[in-house]
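What follows is a short report on a single structure.
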Amino acid sequence: MATRAPGRPLHGPDPATPDRSVGAASVIPGFGLTMGLTIAWLSLIVLIPLSSIFLRAAGMGWADFVAAGFSPRAIAAYKVSFGTALIAALVNALFGLLTAWVLVRYDFPGRRIVGALVDLPFALPAAVAGIALTAIYAGNGWVGQYLEPLGFKVAYTPVGITVALIFIGLPFVVRSVEPVLADLSAEVEEAALSLGARPWQVFARVILPAILPALLTGFALAFARGVGEYGSVIFIAGNMPFTSEIAPLLIVTQLEQYDYAAATAIAAVMLIASFALLLAINLVQAWSRRRVDG
Amino acid sequence: MTQRRNAAIAALSLAFTALAGCSADGDSKGATVELLNVSYDPTRELYTAINPKFAAKWKAETGQTVRITMSHGGSGKQARAVIDGLDADVATLALAYDVDEIAARSDALTTPWQTRLANNSAPYTSTIVFLVRSGNPKGIRDWGDLVKPGVQVITPNPKTSGGARWNFLAAWAYGRQASGSDAGAEDYVQRLFAHVPVLDSGARGATTTFVERGIGDVLLAWENEAFLAQKELGKGRFDIVVPSISILAEPTVAVLDGNAKRHGTTEVAEAYLKYLYTPEAQDIIGRNHYRPNNPAAAAKYATQFPQLKLVTIDEDFGGWQAAQKRFFADGGIFDRIFAKTKR
Amino acid sequence: MTARPATSGAARFALIALAIGFLALFLLLPLVAVFAEALAKGFGAYAAAIAEPDALAAIRLTLLVAAIAVPLNIVFGIAAAWAIAKFDFPGKTVLTSFIDLPFSVSPVVAGLIYVLLFGAHGWFGPWLRVHDIQIIFAVPGIVLATVFVTFPFVARELIPLMSEQGRDDEEAALSLGASGFQTFWRVTLPNIRWGLLYGVLLCNARAMGEFGAVSVVSGHLRGQTNTMPLHVEILYNEYNFVAAFAVASLLALLALVTLILKSIVEWRFDYQRGGAGH
C-alpha cells in the first residue's frame, strides 16, 4: 500500500478498497447516524441544488436545449475552455512530473520550500492569482514587456487563459505523482541499469509505466479543474466571443442578459462534462488498483 | 470533554442561527431607515458625493437617519440581480432597457415607470467620447479613424455593459450617417469590432484594460469616465477626443415601488430620486462630469461639455425595446457581426 | 525526457534548475507581484487601504463565512469518512464520487444552482419572499455557495486515511467497554488529527478565497455582502489598484500561513507515520 502523505489531499486511490471485508455485522456503532448525516447533507448542499440545473434544462425541450447549449458561440466557448484546459493540463503533466521527480529524487538547498510552494495554488484565492497574473503578463507588466516586442502576447489571449490554468492545475499533478514516485523501489531501476539499459529506457520502460495511473489522475484533475475555472481566468482572458471567451463566462454573460435558459443549458453541458471527467478519473484509479493488486 | 462538546454544539447552533436569521429589518418607522441603491459601474464617485448630502437633508427635514447602501456593477448584471431578488429600493441604471426588464420580469417595479420623474426619469445625461493616449499618436479625430490599420479600440461587451450598448449605437449612428444606409452602418460597425482586442464585461473593466494595462489606442467611454480617467488615473497621460457625432445617453432612475412598499421606504426612496433633480445635486452631477439637466448647473459646467451632434435612442432607434431586440438580443446584429468577424 | 535513476551532476542540476525556474515563473512570481503592487505607494497607503471601513467589513464577512462553512464541513467530513471508511455497503464508490462532485463543478455553476433554487424566480423564491427571508444576495447565500465549493475537502482528506487505519483500534476500544462517542473521541480522533487539520486548512483557504460562486450570489452590496475576494474586484474596478492589491495581499498572507502550517502538519504526519510504520 502506498504511503499516503497528506500532500495528496484530493484524490488518493479510491477509499473503497475492499481489503478488509468484515461484512455488515460490524460492532462499530454510528453507521445510521453518520450515514444519515452524510446523505442528508450531501443531498441538501450538492444533489438537490445540482438537480435544479437538469430539471430546468429538461423543462426546455430538446430543440431549445440544443439551440441554447450548442449555439455557435457556446461551442466556441467550450472549445476555448476545453482547449486551454487541455494544453494547461499537458504542460502541467510534463512539468508536474519534472517537479515531483526533482522533489523526490534530489536533495538540494530549499527543497522543503519548493515543496511547500507547489501547494500555493490550493491556498491562494483564484481571483488574487488572476489579477497578479494579469499584472505580470500584460503588455506593460513585468514579463509581458519583454514578450510583447517579440510579438508574443499572453494577457487577453487564449495563451493568458492557459497560463492561469497552468497556475491552478500544477499541484494536482505534483501531488498525485509524488507519493507513487517516492514508493518506487530503486532496485528495479538499478537492476535494469546493470543489465545495460540506457537511462531513458529505464525511464520509459520501468518508471513511466509505474507512475502512469497517478500521472493520468493528476492530469485529469488539473483538466477538470481548468475547464470550470473562473476567478483566475476572468481577469486575464480577453473575453472575446469566439476567441477568448470561456464557457463559465458565457454562463455569466447569458445570466446578465436575462437568458436563464441559455445559462442553464450551458451549465448542464458543463456538468455532464464534469461527470464524465470524474468517471474517467475513477476508472483510471480502478484500473491502477487492479494493476497494483493483481 | 462535555464542556468541549457543549462548546461545539453551541458553535454549530450559532452557525445555523446565522444561516437562518436574516436581515429582516424592513420597518422604517424607527429613527433609521435603510435604502439600497443598485447602480451601474461608473457612478461610484457620483453617489459617494451625493449620498451624504441627501442624508443630511433628510435628517434635517424628518429627523430620520437614512443609511444608503450602494451596489455597483455592469448595468445588465445589476438588473438581473434585482430580478433574482436583490431587494433594492431604487435602481439607477445605465439605460432604460435594464429598468424595463426589471418591470417586465419581476414584481419589484410597476409600469409605467419612466414618466414618474422629469426628463424620462434621467436626472442627467451623458454621451460617448474617445479617450486616446497623450498627444493622440494615432491621429484619431473621428469614428472613421478607428477602423484605420493598426488602430486598436477598447470597448466593453454590449451584451453585459450598458455603456457598451451606447458605444455600439453611437458607432452605428456614425456608420449610417457616413454611408447613408443600415447596410453601410453594419459594415462599419463590423470593421470597428475587428479592431477590438479585449471585450470586458463592464465599463470599468474596459477602462482598466486601457489605462492600467496599456492595451489599445482608443477607449470608447462614457464622457464622465473619460474625464475621470484623465483626472484620476494619470494627468497628462490621456486626451479626450470628441467625435463629430455621438449619442445622447440617458441613464435612468426609478424607485422600485414593489420592494419599497414592502420595506416601507417608498417616501424616502422617492425623495432620494427627486433630490437628484435639485440644484444642489445637479451641481454635484456637473462636478462629476455628467451633463446636468438644471440650466444653472449646465451653464456652470458648460465649458466641460463640447457641443456635438447627438442622436437619441427614441428618435433614431425607435426606443430601447426595439433597439435591444434588433441589435443585442441573441441572434441580433451584434451576434451576427461577431459570427462573421471571428470565423 | 532525460530523467534517469542515477543522474549525472550536470543533468541533475539542469533538471532542478528547470523545475525551480518553472515554479518561480508560474507560482512565485504572481505571489511576489501581489506584495510588490500592494506596497507600490508605500506602507502608509497599504495600511490605509486595509483600515478602510468597507475593507474591514469584507474581512469580517469573510471570517464569518469561513467560521460557519468550515465547521459544517468538518462535521460532515468526519461523518462521511466514518460511514464510508468504517463500514461496507453497496454504492460506496458512487457515494464517494458524489462527494467529489463539487471539485469538478465550475464555481459559476455552483452559484447558479442557488440562484435557481432561492432566486425570486427559483423553486423556493416566492415562498421566501412571502416570509421575507433573504438567502440570495445576503449572507446565507454566500455561506451556501462557500459550503458547496469547500464541501469535499475534509471528507476527501479523511476517507483514505481512515480506511487505511481500518477498524481494529475502534473494535478494541469498544470491546473494552468504551461508548461509541468515547471511542471516536479517544481513539479515532487522535489517529486522524493531522489529516483532519490538513483538510481543514485547505477547506479554510478555499472558503476564504472563493470568488466565482460567491460572485454570482453576492449582490455586491458595499459593506454588507462583499467578501474579501469580491472587495478586491470592486477596488480593482474603482481604479484603486494599491488598495485592491493590499486586500489581495492579506489573502496571499493567508495562503502563506496556510502553506507554513501545512508544512508543519506534513512534517508531524511523516514523523508520526515514520515512527509507527517503517
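The values are calculated or read from the model by the stated rules, or taken from the named source; none is laboratory data. Here the structure is a predicted model, which means the values were calculated and not measured. Ideal geometry is used to build each Cβ from the backbone, glycine not excepted, and the neighbour counts take in all protein chains shown.
I'm trying to understand the selection: among the residues of region C:60-110, which are of a type in the set (Gly, Ala, Ser), touching a residue at least 24 places away in the same chain (Cβ under 8 Å) and facing chain A (nearest Cβ under 9 Å)? Even if it seems obvious, please write down each step before you answer.
The initial filter retains those residues of region C:60-110 that are of a type in the set (Gly, Ala, Ser), namely C:66-67, C:69, C:77, C:79-81, C:83, C:85, C:91, C:97, C:104, C:106, C:110.
Retained after the next criterion (residues that are touching a residue at least 24 places away in the same chain (Cβ under 8 Å)): C:66, C:69, C:77, C:80-81, C:85, C:106, C:110.
Result: C:80, C:81, C:85, C:106, C:110.
How about region C:9-59: which of its residues are more than 8 Å from every other protein chain (Cβ to nearest Cβ), free of Cβ contacts under 8 Å to residues at least 12 places away in the same chain and buried (at least 21 other Cβ atoms within 10 Å of the Cβ)?
Matches in region C:9-59: none.
Is it the case that some residue within region C:191-209 is more than 10 Å from chain A (Cβ to nearest Cβ) and exposed (fewer than 15 other Cβ atoms within 10 Å of the Cβ)?
The answer is yes, given that some residue of region C:191-209 is more than 10 Å from chain A (Cβ to nearest Cβ) and exposed (fewer than 15 other Cβ atoms within 10 Å of the Cβ).
Going by what's in this entry, would residue C:219 be described as facing another protein chain (nearest Cβ under 7 Å) and touching a residue at least 60 places away in the same chain (Cβ under 8 Å)?
Numbers: facing another protein chain (nearest Cβ under 7 Å): yes; touching a residue at least 60 places away in the same chain (Cβ under 8 Å): yes.
Yes, satisfied.
I'd like to verify a number: residues in region B:288-343 that are on the phi < 0 side of the Ramachandran plot and part of a helix (DSSP H, G or I), how many?
Here is the first cut: in region B:288-343, the residues on the phi < 0 side of the Ramachandran plot are B:288, B:290-317, B:320-330, B:332-343.
With the extra rule that they be part of a helix (DSSP H, G or I), the set shrinks to B:295-300, B:302-304, B:313-317, B:320-328, B:333-341.
Total satisfying the criteria: 32.
For region C:123-152: of the residues being crowded, with 22+ Cβ neighbours inside 10 Å and free of Cβ contacts under 8 Å to residues at least 24 places away in the same chain, which is nearest to residue A:56 (Cα to Cα)?
Only one residue fits best here, namely C:135.
Name the single residue that is nearest to the other protein chains (Cβ to nearest Cβ) among those in region B:159-193 being surrounded by fewer than 24 Cβ atoms within 10 Å (Cβ to Cβ) and not in a helix (DSSP H, G or I).
The extreme case among them is B:181.
Where residues in region A:259-282 are within 14 Å of chain B (Cβ to nearest Cβ) and out of contact with any Gly (no Cβ under 8 Å at 6 or more places or on another chain), which of them is nearest to residue A:77 (Cα to Cα)?
Filtering region A:259-282 for residues within 14 Å of chain B (Cβ to nearest Cβ) gives A:259-266.
Cutting the leftovers down to out of contact with any Gly (no Cβ under 8 Å at 6 or more places or on another chain) gives us A:259-261, A:263-264.
On the way: A:259: 16, A:260: 17, A:261: 17, A:263: 13, A:264: 15 Å.
The extreme case among them is A:263.
In region A:198-242, what residues are more than 13 Å from the chain's Cα centre (by Cα), small (Gly, Ala, Ser) and facing chain C (nearest Cβ under 10 Å)?
A:204, A:231, A:232
Answer yes or no as to whether residue A:286 is in contact with a helix residue (DSSP H, G or I) (Cβ under 9 Å, 6 or more places away or on another chain) and assigned to a helix (DSSP H, G or I). If you could, list the steps in order and put the result at the bottom.
On the way: in contact with a helix residue (DSSP H, G or I) (Cβ under 9 Å, 6 or more places away or on another chain): yes; assigned to a helix (DSSP H, G or I): yes.
Yes: the conditions hold for residue A:286.
Residue by residue through region A:82-111, note down the ones that are at the interface with chain C (Cβ under 7 Å from one of its Cβ atoms) and not aliphatic (A, V, I, L, M). Full working, then the answer.
First, pick out the residues of region A:82-111 that are at the interface with chain C (Cβ under 7 Å from one of its Cβ atoms): A:95, A:98-99, A:101-102, A:106, A:108.
Answer for region A:82-111, where residues must be at the interface with chain C (Cβ under 7 Å from one of its Cβ atoms) and not aliphatic (A, V, I, L, M): A:95, A:99, A:101, A:106, A:108.
For residues in region C:163-180 being more than 8 Å from chain A (Cβ to nearest Cβ) and assigned to a helix (DSSP H, G or I), which is surrounded by the fewest Cβ atoms within 10 Å (Cβ to Cβ)?
Checking each candidate, the answer is C:168.
Which of (1) surrounded by fewer than 18 Cβ atoms within 10 Å (Cβ to Cβ); (2) in the same structural domain as residue C:187 (by the TED database) does residue C:76 not meet, given it meets every other one?
Of (1) surrounded by fewer than 18 Cβ atoms within 10 Å (Cβ to Cβ); (2) in the same structural domain as residue C:187 (by the TED database), only one is false for residue C:76: (1).
Counting only residues that are part of a helix (DSSP H, G or I) and surrounded by fewer than 22 Cβ atoms within 10 Å (Cβ to Cβ), how many does region B:194-227 have? Write out each step before concluding.
Taking region B:194-227 and keeping what is part of a helix (DSSP H, G or I), we get B:203-211, B:223-227.
Filter again for surrounded by fewer than 22 Cβ atoms within 10 Å (Cβ to Cβ), leaving B:227.
Selection size over region B:194-227: 1.
Give just the number: which of (1) more than 7 Å from chain C (Cβ to nearest Cβ); (2) within 25 Å of residue B:153 (Cα to Cα); (3) among the aliphatic types (A, V, I, L, M); (4) assigned to a helix (DSSP H, G or I) does residue A:133 not satisfy?
It is condition (1) that residue A:133 fails.
Please count how many residues of region B:256-311 are surrounded by fewer than 21 Cβ atoms within 10 Å (Cβ to Cβ) and of a type in the set (S, T, N, Q).
7
Take the residues of region A:247-275 that are without any contact (Cβ under 8 Å) to a residue 60 or more places away in the chain and not in a helix (DSSP H, G or I): which is farthest from residue B:94 (Cα to Cα)?
Result: A:258.
Residue B:92 fails exactly one of the following numbered conditions: (1) part of a helix (DSSP H, G or I); (2) over 19 Å from residue B:238 (Cα atoms); (3) modelled with pLDDT of 95 or more. What is the number of that condition?
With respect to (1) part of a helix (DSSP H, G or I); (2) over 19 Å from residue B:238 (Cα atoms); (3) modelled with pLDDT of 95 or more, residue B:92 is out only on (1).
Which residues, counting only those in region B:16-43, are within 9 Å of chain C (Cβ to nearest Cβ), modelled with pLDDT under 90 and within 25 Å of the chain's Cα centre (by Cα)?
Passing the criteria: only B:41.
If the requirement is being more than 11 Å from chain C (Cβ to nearest Cβ) and surrounded by 23 or more Cβ atoms within 10 Å (Cβ to Cβ), which of these qualifies: A:256, A:245? Please lay out each step first, then the result.
On the way: A:256 fails: more than 11 Å from chain C (Cβ to nearest Cβ).
When all the criteria are applied, what remains is A:245.
Consider residue B:82 carefully, then state whether it is out of contact with any His (no Cβ under 6 Å at 6 or more places or on another chain) and not in a strand (DSSP E or B). Steps first, please.
Numbers: out of contact with any His (no Cβ under 6 Å at 6 or more places or on another chain): yes; not in a strand (DSSP E or B): yes.
Answer is yes for this residue.
From B:145, B:100, which residue is under 25 Å from residue B:225 (Cα atoms), surrounded by fewer than 24 Cβ atoms within 10 Å (Cβ to Cβ) and more than 13 Å from every other protein chain (Cβ to nearest Cβ)?
Exactly one of B:145, B:100 is under 25 Å from residue B:225 (Cα atoms), surrounded by fewer than 24 Cβ atoms within 10 Å (Cβ to Cβ) and more than 13 Å from every other protein chain (Cβ to nearest Cβ), namely B:145.
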